[in-house]
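The values are calculated or read from the model by the stated rules, or taken from the named source; none is laboratory data. Owing to the predicted nature of the structure, the values given are computational and were not obtained by experimental measurement. Note: ideal-geometry Cβ built from the backbone for every residue, glycine included; neighbour counts use all protein chains shown. Just so you know, the surface numbers come from the protein's heavy atoms only, side chains and all, with ligands and any DNA or RNA stripped out. Shrake-Rupley method; radii C 1.70, N 1.55, O 1.52, S 1.80 Å.
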Amino acid sequence: MNTLLFYCAAVLAMLFVLVPHEFAHAAVAVANGDPTPKLNGRLSLNPLRHFDSLGFVMCALVGFGWARPVPINSANFKNYKVGLFTTAIAGVVTNYIIAFIFYPLYALSYMYVGTGTAGGLFLTTFLWLVFSYNLSIAVFNLLPLFPLDGFRVVESLTGPWNKVRQFLGKYGQTILLVLVFESFICRVAGSFYPIFESFDVLGYVMTFAVDIIGWPIQALWGLII
């Protein structure tokens, strides 16, 4: 596939991945009694409100990334633990729902539009990337490392004295940056020497996302389409 065409499809797909993810965080936080996201202009589907250049590029290049975190003040939640948990999990749930909706669109496009023309190839690739990227982002964000959603879930289920929570909060961001950098290096080096792809830790996580987490979606729609 033409490289430029692929990255155009990837960039467009990001709008259906990162923006709904952050909007879901904002909407659920507001629903739990915290006006902070709305006051900061994040209760919006405008991509520019959520844009993070590095996270956007990483997502387009390697299939996982991030947007600007939605600011929340958990002290405003009507129920602290429920508010923290539901706000943290909202983005992941939204990504899975979008993946569920877009998979049949991809399947139908592949069957009836095909990839024989540039337009058909672009459409089919775009729909597949929306499906696979949403799954990748969902799994990536469930890693229990600060500042990802998985860490917020840990926060909602444990007390501040919990040693595991303290460790993940203190070192999570460093571990995350190392994993992202290691994955990026393996992807680049793997394009020249395929053996390096075997050491891509986050690559295995993303493969798990599409092949395992995405299997129920594919299996269900496979029975219908």
- Classify the chain as rounded, prolate or oblate from the Cα gyration tensor: take a ≥ b ≥ c as the square roots of its eigenvalues, call it rounded if a/c is under 1.5, otherwise prolate when a/b beats b/c and oblate if not. prolate
- Relative contact order of the chain, pairs being alpha-carbon contacts under 8 Å that are 6 or more residues apart, as %: 20 percent
- Counting Lys and Arg as +1 and Asp and Glu as -1, each charge on the Cβ, what is the dipole of the chain about the Cα centre in debye, to the nearest 20? 640 debye
- Item | Added length on full extension, which subtracts the Cα-Cα distance from 0.36 nm per residue, W161 to A75 | 29.1 nm
- Query: Can you list the aspartates and glutamates whose alpha carbon sits under 17 Å from that of K81, skipping same-chain ones fewer than 8 residues off?
  - Reply: D34, D149, E155
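Can you show me the helix-derived [θ] at 222 nm for the chain, built from DSSP H runs with n ≥ 4 at -39,500 (n - 2.57) apiece and divided by the number of residues, rounded to the nearest 500.
Details: 11 runs with 152 residues, N = 225.
Dividing the helical sum by the residues of the chain leaves -21500 deg cm²/dmol.
For A88, what charge total do you get from the other residues with a beta carbon under 9 Å from its beta carbon, if Lys and Arg give +1 and Asp and Glu give -1?
Taking every Cβ under 9 Å from that of A88, the sum is -1.
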- Order of exposure, largest accessible area first, which applies to S191, S74 with probe 1.4 Å: S191, S74
- Note on the structure: Sorted by accessible surface (1.4 Å probe, heavy atoms of the protein chains only), largest first, F184, F140 come out as F184, F140
- Query: If you take the square roots of the eigenvalues of the alpha-carbon gyration tensor of segment 70-200 and sort them as a ≥ b ≥ c, do you get rounded (a/c under 1.5), prolate (a/b over b/c) or oblate?
  - Reply: oblate
- Task: Report the accessible area of D149, computed with a 1.4 Å probe over the heavy atoms of all protein chains in place, in Å² rounded to the nearest 10.
- Result: 20 Å²
- Surface accessible to a 1.4 Å probe, K38 within the full protein complex, Å²: 130 Å²
- Full-stretch length increase - N46, F208 - with 0.36 nm per residue and alpha-carbon distance subtracted: 55.3 nm
- Against the longest alpha carbon principal axis of the chain, how many degrees, from 0 to 90 and to the nearest 10, is the axis of helix 118-141 turned? 30 degrees
- Note on the structure: Quick shape check on segment 134-225: root eigenvalues a ≥ b ≥ c of the Cα gyration tensor, a/c under 1.5 is rounded, otherwise prolate if a/b tops b/c, else oblate, and it reads oblate
- Given 20 °C, 1.002 mPa s and a Kirkwood radius over Cα pairs, the Stokes-Einstein diffusion coefficient of segment 1-121 in µm²/s is 136 µm²/s
